[in-house]
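Data block below; observations after.
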Amino acid sequence: MNTAFRKPLPGAALDYYDTRAAVDAIAPGAYDTLPYTSRVLAEQLVRRCDPAALTDSLKQLIERKRDLDFPWYPARVVCHDILGQTALVDLAGLRDAIADQGGDPSLVNPVVPTQLIVDHSLAVECGGFDPEAFEKNRAIEDRRNEDRFHFINWTRTAFKNVDVIPAGNGIMHQINLEKMSPVIQARDGVAFPDTCVGTDSHTPHVDALGVIAIGVGGLEAETVMLGHPSMMRLPDIVGVKLTGQRKPGITATDIVLALTEFLRKERVVGAYVEFFGEGADSLSIGDRATISNMCPEYGATAAMFYIDQQTIDYLKLTGREPEQVALVENYAKLTGLWAESLKTAQYERVLEFDLSSVVRNMAGPSNPHKRLPTSALQERGIADEAKLAAARAEEAQGLLPDGAVVIAAITSCTNTSNPRNVVAAALLAKKANALGLVRKPWVKTSFAPGSKVAKLYLEEAGLLPELGKLGFGI
């Protein structure tokens, strides 16, 4: 770490890097015009960049120039078991080679903290209508992955800087949101913004907390893991002003499907999108995470929200230590990462989206990004009486009707990290059970929550049995 601009952090036994002073020394008043992304990138440059290249690198951010690569040092790496394991196999191979040469293999470790979350190996062989579905699927997962899981368990004790979340705990992005991200790091006596790369396109899920997190390939993750910077140029940073308030009964999924359609038309491919405005302020972290998680569907690289009271409330709700929560609020307000401080940020392009315009939506059926308002089911020929009559006739003959739904799954951190969505599904199941509705025998139903938290609050609310009765057991 550099020494210039390092100062004591008021109210904490930590130092921080005064990025505002570094930026304003080059262009007075420039820091207050920087978008959130640029402020975070500037901080890590002040902290880590070669001092000889610092001014030119900061000028890229200040002057919105894109003619020079500058280094980015993510604070941690998040991996799922497929690509994360591959990277650790490489390190294990390097240990073997060093041992063969008479060296000390234990010196080979990730330099950057690496979190490996086993979530890509599960297959739903047994549907949620089986009361023992969870145990059976986990047994199949363990049997099929015995060698891999043995190696992954070995890495937990063999390597320093490696943290493993074993199979059966949930989806990497929801666990990252609920547990892994501190929002503000405190390391080696210095506080700085949490940032990460992950080996999955939906890594931007945690952007909802104000953490720059992007999906990368396995080789780039391995490069970061070994302490090398990820070289980048200033991305297009697009401001999206969310106005209005959603109508009653509109879920975050309705919002994100409409927003995805809007952003695809506006061509934000490769951009860092920053959401702000009164509409953004009103969204819970669960709602924000739904929007950030769909980042790959509208083609952006990151989908950022600022740190604000919603962030603080979420950190408290998910059991972060009080000292950590206080650090996040203190650091964000001091360094201009708090929402109020971003009102002076200037964007090269600003889009506007009205939340009150969102109606109830579905996606597809053939294209996941193609929005389908429920009010248009009939005009698009999906809710068609003639088709329905024909399907019933086929069913009466013991045939599988044309166009039948065969898989009905409540899954993915896009939905299950949002308690409002999960509880809504459970209440819908409760109503369906009260009306005597049942799944068709050809429909494979399943419920794969992103973490154990969903199971806990559904149990406490008495709603988990309602999902199970309808066939959506875990």
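Laboratory data are not the source of any read-out in this text; all were calculated from the coordinates shown. Here the structure is a predicted model, which means the values were calculated and not measured. Cβ: placed from backbone, ideal geometry, glycine included. Neighbour counts: every protein chain shown.
Peptides 420-428, 465-473, 190-198 ranked from most to least packed by the mean count of surrounding Cβ atoms within 10 Å: 190-198, 465-473, 420-428.
Quote the relative contact order of the chain in percent (integer), defining contacts as alpha-carbon pairs under 8 Å separated by 6+ residues. Could the numbers behind the result be given before it?
Numbers: 849 pairs, mean separation 83.0, N = 474.
Computed value for the chain: 18 percent relative contact order.
Looking at the square roots a ≥ b ≥ c of the eigenvalues of the Cα gyration tensor of the chain, which shape do they give, rounded for a/c under 1.5, prolate if a/b is larger than b/c, or oblate?
Values: a/c = 2.08, a/b = 1.39, b/c = 1.49.
Cα axes put the chain in the oblate bin.
Each Lys and Arg Cβ is given +1 and each Asp and Glu Cβ -1; about its Cα centre, the range 65-362 then shows a dipole of about 500 debye. Within the set of other residues whose C-beta is less than 15 Å from the C-beta of VAL238, count the net charge using Lys and Arg as +1 and Asp and Glu as -1. Computed value for this residue: +1.
Counting only alpha carbon atoms, the long axis of helix 51-62 and the longest principal axis of the chain meet at about 50°. Once the Cβ-Cβ distance between GLU348 and ALA13 is put in as r, and R0 is 45 Å, what FRET efficiency do you end up with, to the nearest 0.05? Rounded to the nearest 0.05, the efficiency is 0.70.
Straight Cα distances below 12 angstrom link LYS430 to the aspartates and glutamates GLU466, with same-chain residues fewer than 8 positions distant left out. Taking a virtual spin label 7 Å from the Cα of VAL423 along the C-beta vector, which residues in the range 429-461 bring their backbone nitrogen under 11 Å of it? Under 11 Å, as judged by backbone N against the label point of VAL423, lie 457-458, 461 of the range 429-461.
Net charge within 10 Å of THR199 by Cβ-Cβ distance, Lys/Arg positive one each and Asp/Glu negative one each, not counting THR199 itself?
That sum, taken over residues with Cβ under 10 Å, equals -4.
Seen against the Cα atoms of the chain and their longest principal axis, helix 419-434 is set at about 10 degrees. Scaling against 2.2 N^0.38 Å puts the C-alpha radius of gyration of the range 1-97 at 1.39. Taking 0.36 nm per residue of separation and subtracting the current Cα-Cα distance, fully stretching the chain between GLU379 and ASN433 would add 16.5 nm.
In terms of the Cα gyration tensor, with a ≥ b ≥ c the square roots of its eigenvalues, is the range 404-470 rounded because a/c is under 1.5, prolate because a/b exceeds b/c, or oblate?
Details: a/c = 2.18, a/b = 1.29, b/c = 1.68.
Since a/c reaches 1.5 but b/c is at least a/b, the shape of the range 404-470 is classed as oblate.
Students often get this wrong, so check it: of LYS370/LYS452; LYS7/LYS59; LYS179/LYS247; LYS370/LYS431; LYS65/LYS370, which have C-alpha atoms separated by over 27 Å? Too far apart for the 27 Å limit: LYS370/LYS452; LYS179/LYS247; LYS370/LYS431; LYS65/LYS370.
To the nearest ten degrees, helix 133-144 and the longest principal axis of the Cα atoms of the chain are 60 degrees apart.
Checking the a/c ratio against 1.5 first, then a/b against b/c, what shape does the Cα gyration tensor give for the range 304-450?
Working: a/c = 3.70, a/b = 2.02, b/c = 1.83.
Note, shape of the range 304-450 comes out prolate.
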